[in-house]
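Colleague: Take this structure first; my questions come after.
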Amino acid sequence: MLSRKITGMYFSPTGTTKQVVSGIAKRVSENINGDSSFNIVDFTLPKGRQEPAIFSEGDVVVFGVPVYAGRVPNLLLKYLSSINGNGALAIAVVVFGQR
């Protein structure tokens, strides 16, 4: 069986998105690789957005952000456009709070 690099990547000011993304990444890793090991990229704080994330074909990225008023926070748009997937598989997760 081919082992894939699983990454959980999130913006999580309150910790909820972190919990959701980490849980999904763990289950994906268990189902694909047979173990619960995965990498974490936390870009909640500005220092986590200084370098663009770069992935490879065959990687699986569980990517999560909260939405506010139905939108991704504007302060993330520049960073999000810098991410290079290179054919990686992505699982998009948005966490929607109450209104």
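Colleague: Output yes when any residue across the range 24-33 is aliphatic (A, V, I, L, M), exposed (fewer than 13 other Cβ atoms within 10 Å of the Cβ), farther than 15 Å from residue 92 by Cβ and without any contact (Cβ under 8 Å) to a residue 40 or more places away in the chain, and no when none is.
Modeller: Checked the range 24-33: no residue is aliphatic (A, V, I, L, M), exposed (fewer than 13 other Cβ atoms within 10 Å of the Cβ), farther than 15 Å from residue 92 by Cβ and without any contact (Cβ under 8 Å) to a residue 40 or more places away in the chain.
Colleague: Could you say whether any residue in the range 87-99 is exposed (fewer than 12 other Cβ atoms within 10 Å of the Cβ), modelled with pLDDT of 95 or more and within 14 Å of the chain's Cα centre (by Cα)?
Modeller: yes
Colleague: For the range 16-99, which strands (runs of 3 or more DSSP E) that fit wholly inside it have 2 or more residues that are of a type outside the set (A, V, I, L, M)? First the steps, then the outcome.
Modeller: Numbers: elements: 39-42, 60-67, 89-96.
Because the criterion is at least 2 residues that are of a type outside the set (A, V, I, L, M), the strands (runs of 3 or more DSSP E) in the range 16-99 that meet it are 39-42, 60-67.
The values are calculated or read from the model by the stated rules, or taken from the named source; none is laboratory data. This structure is a prediction, so every number in the text was calculated from the model and none was measured. Cβ atoms come from the backbone with ideal geometry, glycine included; neighbour counts cover every protein chain shown.
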